[in-house]
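To start, the structure under review is shown below, and the notes come after it.
The values are calculated or read from the model by the stated rules, or taken from the named source; none is laboratory data. Keep in mind that what you see is a predicted model, and the values were worked out from it rather than measured. All Cβ positions, even for glycine, are placed from backbone atoms using ideal geometry, and neighbour counts span all protein chains on display.
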Amino acid sequence: MFFGVFHRIWNHEEATLLNTFGNHHFPDRGISKLCLVNELDDSLLLDASFDGNIQIWKDYLLKGKQKLVIAFSSIHGHKPGVRSLSAVVDWQQQCDYPYASGEISSIMLWDVDKEQLVNSKSSSSDCSVSVLVSLIFA
């Protein structure tokens, strides 16, 4: 039995359900980002919730065999009195780092292997970040 948010993984070509598994267990926090990491190799599934928590799963296509590889909170230093972080996350495929922001005054870059903050870029504005897109130009 699953409570809260859960993933359903489908084979869209055959319209069959491959796997269902629990996630953040807090229905009010919801998923803000869902994406494949290393999709051309042994892909992993990254999910991020609005509270800033990031989870990365492997073997997510195999019924009952999914494994949580890593989980951490990507948002630190939120503004006093903020009830919802409204976290936004984007994955930068070329450097394998997720970016995170939201109701905070900075954008944070994470090393998921080390579960460490790599860099934090402060904003000169009091505005919240509502969308993150990471681009690399060759």
- Residue hits (region 8-52; modelled with pLDDT of 80 or more and basic (Lys, Arg)) are ARG8, LYS33
- Look at region 100-121 and say how many of its residues are part of a loop (DSSP other than H, G, I, E, B), free of Cβ contacts under 8 Å to residues at least 40 places away in the same chain and either touching a Gly at 6+ places or on another chain (Cβ under 6 Å) or under 19 Å from SER32 (Cα atoms) (or both). 3
- Query: Just for region 53-90: of the residues that are modelled with pLDDT of 85 or more and assigned to a loop (DSSP other than H, G, I, E, B), which one is surrounded by the fewest Cβ atoms within 10 Å (Cβ to Cβ)?
  - Reply: GLY64
- If we keep only residues of region 103-117 that are within 21 Å of GLY30 (Cα to Cα) and at pLDDT below 80, then the residue surrounded by the fewest Cβ atoms within 10 Å (Cβ to Cβ) is GLU103
